[in-house]
Amino acid sequence: MNRNPLKPAALAAALATTLALGACKQEAARAADAGAGKAAPAKAAYALDEAKLPPVIRFQASDLDANGNACKDFGAYVNGKWLAANEIPGDRSSWGAFDMLAERSLAVRHQLAEQAAARQGASGIDKIVGDFYATGMDQAKIDAQGIAPLQPRLDAIAAIADQAALADYLRASAAKGENVLFDFGPEADFKNSSMNIAYATQGGLGLPDRGYYFDADKKDKLEAYRRHVAKVLELSGTAAADAAKQADAVVAFETRLARASKSSEELSRDVSLYYNPVSPADADRLTPNFPWTKFFESQGIATPATFSLAMPAFHQEVSAMLAAVPLDDWKSYLRFHTVDDASPFLADAFAQENYEFYGKAMRGQKEQKARWKRVLGAIEENAGEAFGQMYVDVAFPADSKARMEQLVQNLRTALKARIEKLDWMSDETKAKAIAKWESFTPKIGYPDKWRDWSGLSTSRDSYIGNVLAANEFNYKWQLGKIGKPVDKTEWTMSPQTVNAYYNPLQNEIVFPAAILQPPFFDPKADDALNYGGIGAVIGHEMTHGYDDQGSRFGPTGNFENWWTDADAKGFMARTDKLVQQFSGYEALPGLKVNGKLTLGENIADLGGLATAYDAMKMAAGDTPDPMIDGLSRDQRFFINWETVWRDKMAPDYLKVIVNTNPHAPGEFRAIGAPSNLPAFAAAFQCKAGDAMVRADDKRVVIW
């Protein structure tokens, strides 16, 4: 299990470059497999009461500050009134367009889950969703069970007698999908993207980045974590004095792991770190205390010829720690993470402590989410695509998919034209870039084939029991892909996710149903708003194929170099200017945006917005400007881009984002890209020297 919302992303999420901040939390268990959807509900089996849903968010001219100046402070002009009128809800760490749509998605799922839970004799996904919701909402039963559902696992940890038994325990817990030390699972081979191989990557940390263990400005968070570890151990039955000592040991243990770990910036900006193909025999020599041949056997997988032992120094350190770290310290570490990961699904005292640290201390969240929201989150994490079958049946109009397909085609045409017109790229590299463009695969709304959930057994007996069962079921399903061809129909986001992503290994752009609504996509809106919203999102995901990491993959998804040396140098010179731009933005006093960490997303924003603008102009042709609400077509395009990124963040959460997330805060994304586009300056009649106008030598043009 990985129930800590701050832990580093798994491989699939790290490779899939996304639109919004929260997307890294998506798990591969939400993808579709080759099954034909045997567990799908009957059509129109669920009803949706629109009156109980939050209102649809649409741009209104009244949102604008009539006294504002778009050229000097575009954010204040478009979003200033909204920001002043809206506060972050107590159960959230941020509030903006994405969050508001997420609340709407939650409200839809709330109705569906209640209906599923009320069904008698349900089967298939109806039963899975209903069982999860019914047991998750039974607070009295959860409290009465206490920690008892975890006791067999804690007893197994306590019984570890020596190093050999410790290694056996690590393998056995991993086989149940409860590996706390490292991430392990399938992904396409970087050099042969049509086949899945096994990847073992770093993990094991309770804090979101290695810097939290060493940086002086994060010392308060480390101490808060130490107190949290002690509290969780105490709740698990350890005496308070012993829990405090064990917490010191756990923090020291993780600090040692952190020294051998790569940072968020390193992982985001060098995708090659994930690919280190070795034979199991060679891996055994690197980690003699944790032989991989034995690990594969314990997971029920045929030992492969090669697998990717990513970040090998991390795994070497784990091997060394198996011999050097006292057994009692290992037990404290394992006991803590076993209980901590399960805490959201245990008695209220555990869930409350989980919120106090991860929600309140780390993210500035003022109050715990309502139980029904937390339960829906558990269903999303453990059976998201099953839930998605219900969601799209009631919440995704068929005509939305058709409209999106046309928008995607228009953006494709505009992107090709932009590539062909680049003055800094040679014809040789352009030809390769166009070849990649030709192989883009768009996915819209929901999978063409639904995953088969047959074999997942849930009940009304225990909430944590259902979570553990789904966790193991999904892990084994994932392992079944290793050594087999990649199923290109799979998704790594559920349809009800308000986000989008690009997968470089499949060269695909994916747009879940939940983002295909206002302010991103509105069938009732004029083209300018839609191109400034979902059009820019489409362009963003396409441009990820050509960002600093996506550009290292070819048309078939293989990791390969298709650049001439001169073009690669020219590309780097341009991206370096974008790094400098974003590194100049100050998120909080003394805390600047990390231009290197956020480079890929900033490239995608810049290229995506420019491409969407071109597509809008091509679609408009010679038609007269409609001048809606006294605003020109171009003005409405850029205004909706800014509207999409309206956002308020709690300071503590903002610090986590700036330190660890490859996405810059929304306020800077909203102004960064348009400040580089002459079309923006022309739309609002800006002049040289205005804040939203870059001087020619500072302006960035990449794609």
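Readers should treat all values here as calculations from the given coordinates under stated rules, not as data from a laboratory. None of these values were measured; they are calculated from a predicted model. As a convention, Cβ positions derive from the backbone with ideal geometry for all residues, glycine included, and neighbour counts pool all protein chains shown.
Couplings for segment 593-605, taken from phi via the Karplus curve 6.51 cos²θ - 1.76 cosθ + 1.60 with θ = phi - 60°, read 4, 8, x, 6, 4, 9, 4, x, 5, 6, 4, 5, 4 Hz in order; Gly and Pro are left as x. As a rough guide to protection, the peptides 274-282, 201-209 ranked by mean Cβ packing within 10 Å, highest first, stand as 201-209, 274-282. Only lysine pairs 8 or more places apart or on separate chains count here, and in segment 452-600 those with Cα atoms under 21 Å apart total 6.
When only Cα pairs under 8 Å and 6 or more residues apart are kept, what is the percent relative contact order across segment 294-427? Walk me through the numbers on the way to the answer.
Working: 21 pairs, mean separation 8.2, N = 134.
Value for segment 294-427: 6 percent.
Once amide H atoms are placed 1.01 Å from N in the peptide plane, what residues at a sequence separation of 5 or more from residue 96, or on another chain, have their amide H within under 5 Å of its amide H? Sorted by chain and number, the residues that satisfy this are 648. For segment 236-258, the residues whose backbone nitrogen is under 14 Å from a point 7 Å from the Cα of residue 158, taken along Cα to Cβ, are 236-239.
Here residue 360 is the anchor, and the aspartates and glutamates within straight C-alpha reach of less than 13 Å, apart from those fewer than 8 places off in the same chain, are 91, 652. Simple point charges give the picture: +1 on the Cβ of Lys and Arg, -1 on the Cβ of Asp and Glu, and for segment 284-385 a dipole about the Cα centre of about 220 debye.
With n ≥ 4 as the cut-off for DSSP H runs, can you work out [θ] at 222 nm for the chain, using -39500 (n - 2.57) per run divided by the number of residues, rounded to the nearest 500? Don't skip to the end; give the middle numbers.
Working: 27 runs with 340 residues, N = 703.
Calculated mean residue ellipticity at 222 nm is -15000 deg cm²/dmol.
For segment 585-683, applying the loop criterion from DSSP together with a ceiling of 14 other beta carbons within 10 Å to the GluC sites (Glu not before Pro) yields no site. For residue 587, the residues whose amide H sits under 5 Å from its own are 592, 593, ignoring neighbours fewer than 5 places away on the same chain, with H placed 1.01 Å from N.
Residue-wise HN-Hα couplings along segment 404-413, as the Karplus relation 6.51 cos²θ - 1.76 cosθ + 1.60 with θ = phi - 60° gives them from phi, are 5, 4, 5, 4, 4, 4, 5, 5, 4, 4 Hz; Gly and Pro carry x.
Phi angles across segment 260-265 convert, under the Karplus curve 6.51 cos²θ - 1.76 cosθ + 1.60 with θ = phi - 60°, into 3J(HN,Hα) values of 9, 9, 7, 7, 4, 5 Hz, Gly and Pro given as x.
Counting only DSSP beta bridges with both residues in the chain, the antiparallel share comes to about 75 percent. The relative contact order of the chain, computed from alpha carbon pairs under 8 Å that lie at least 6 residues apart in sequence, is 24 percent. Taking amide H atoms as placed 1.01 Å from N in the peptide plane, the amide H of residue 287 has no partner under 5 Å among residues 5 or more positions away or on other chains.
Over the Cα atoms of the chain, Rg to Rh with Kirkwood Rh, two decimal places?
On the way: Rg = 25.0 Å, Rh = 26.2 Å.
Rg/Rh: 0.95.
Given a Förster distance of 22 angstrom, what is the FRET efficiency for residue 489 paired with residue 454, based on the Cβ-Cβ distance and rounded to 0.05? Calculated value: 0.80. Restricting segment 340-380 to GluC sites (Glu not before Pro) that sit in a DSSP loop and have at most 16 other Cβ atoms within 10 Å of their own Cβ leaves 367. A dipole drawn for the chain from +1 and -1 charges on Cβ atoms has a positive end, and of 402, 542, 299 the residue lying farthest that way is 402.
Compared with the direct C-alpha span, the chain from residue 245 to residue 293 gains 13.7 nm at full extension, assuming 0.36 nm per residue. Given Cα pairs under 8 Å that are at least 6 residues apart, what percent is the relative contact order of segment 148-345? Answer for segment 148-345 is 27 percent.
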